[in-house]
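Report on the structure given below.
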Amino acid sequence: MIELDRDILKLSFPDLHPHAHCTVSFQRTLRIPDDDKTWPLPPGFGRFPIVHVDDYAANLPPDWYEHGGVAFPMYQSEAMWISFSRSDYPFAVKVAAGKIDATTGEAWSAELTKEPQNYLVLPTQPWLDGFAVKKGVIRQFVAMPLGSGYSAEEQITGQAEHGGLQIQVCPMRAEIYRETIEAERLELSLQRFAYAKSAPLMPDMGLAPGGKMRQEIYRDRYGFDVWDRDHTSRCFVHVCNSLVWQSITGNRPPYPPPTAKSYSAAGLPWFDYYRDDVAAISGSKTLHELKSVSHLSGSKGDHVLPEQDAPSLNPSQIRHLGKPRKPVREMDY
């Protein structure tokens, strides 16, 4: 079952287990410079506003209504990251952009694959900021009009057909959860652990690869056979130009976020997240070979975002999330 509550997608499987539920939200963030530098994690500026597609059927393109799902607006000057809930019930989550898998670069399939691993694992993976291009590096999710040739979908397939995002979740088998996670929780006396917490008016937007960012996509530490493939939920997430959003919903879109330059100039922090207890996947050769928006823009002569041509920045404040990698001081003989 999929529900939309306060701009959060809630996916639950009550017939499987009362704890089998997770959430997915789409967070606004600044667009990092699209250069040769690999950037730390940018901040979140809150959730994108999301609506049910069915509520605006009269104002939508026919294929949007056919796909169903939800929709949110996105400026070309901003970027997006996907936030996942940290509940203790594990899920395998597949994420695609324009029906191109964001972890493997392959065409969308409802099936989970072990090699290459085409899914994320919750709660190990707290978020996803973009396309996994190599181990420890992603290219940021940024929006470009579908049909302009920038999206990952168009670069790989040569077609501008789907756009948007596709999300699918698959829960852990209930008997495995009871034997492992639930048993561990009972052994710990039910103790809970808290985690730190000018574009054309095209109706469809596709997600294109932007600047590079440090982020690991973690390997499945539970084992491929634990996932209950008979229970799964899928949702189509439409992405539209912010001006089109107003014509569809009658609501004003959020204000554009700051640029990376103005954000850093204000002395605000960037972030770094790591876990040394879980291995990372190697990333996709197909996605690694995609041209970023900046590279493609230069060859096209579009210069879609002039601020991306500004000199590269050096963030002065980087906050490390997780256990600090502090080496042991050696003995001085």
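The values are calculated or read from the model by the stated rules, or taken from the named source; none is laboratory data. As the structure is a computational prediction, the values presented were derived from the model and not from experiment. Here the Cβ positions follow ideal geometry from the backbone for every residue, glycine too, while neighbour counts run over all protein chains shown.
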Go through the stretch 143-158 and give me each residue that's of a type in the set (S, T, N, Q) and assigned to a loop (DSSP other than H, G, I, E, B). Ser148, Ser151
Of all residues in the stretch 1-43 being in a loop (DSSP other than H, G, I, E, B) and of a type in the set (D, E, K, R), the one that is modelled with the lowest pLDDT: Asp36
Restricting to the stretch 30-66, count the residues that are among the acidic types (Asp, Glu) and buried (at least 21 other Cβ atoms within 10 Å of the Cβ). 1
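Only one residue in Gly136, Gly164, Gly149 is surrounded by 24 or more Cβ atoms within 10 Å (Cβ to Cβ), over 11 Å from the mean Cα position of the chain (by Cα) and among the small types (Gly, Ala, Ser), so which one is that?
Result: Gly164 is the single residue among Gly136, Gly164, Gly149 that is surrounded by 24 or more Cβ atoms within 10 Å (Cβ to Cβ), over 11 Å from the mean Cα position of the chain (by Cα) and among the small types (Gly, Ala, Ser).
State all residues of the stretch 233-263 that are hydroxyl-bearing (Ser, Thr, Tyr) and surrounded by fewer than 19 Cβ atoms within 10 Å (Cβ to Cβ); if no residue qualifies, say none.
Taking the stretch 233-263 first, the residues hydroxyl-bearing (Ser, Thr, Tyr) are 233, 242, 247, 249, 255, 259, 262-263.
Once the filter is applied, which keeps residues that are hydroxyl-bearing (Ser, Thr, Tyr) and surrounded by fewer than 19 Cβ atoms within 10 Å (Cβ to Cβ), the stretch 233-263 yields Ser233, Ser247, Thr249, Tyr255, Ser262.
Results for (1) within 30 Å of Glu182 (Cα to Cα); (2) outside any helix (DSSP H, G or I), shown as yes or no for each residue.
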residue: Asp54; (1), (2): no, no
residue: Glu66; (1), (2): no, no
residue: Phe72; (1), (2): no, yes
residue: Ile82; (1), (2): yes, yes
Checked against (1) more than 14 Å from the chain's Cα centre (by Cα); (2) closer than 17 Å to Ala208 by Cβ; (3) in a loop (DSSP other than H, G, I, E, B), Thr103 satisfies every condition except (1)
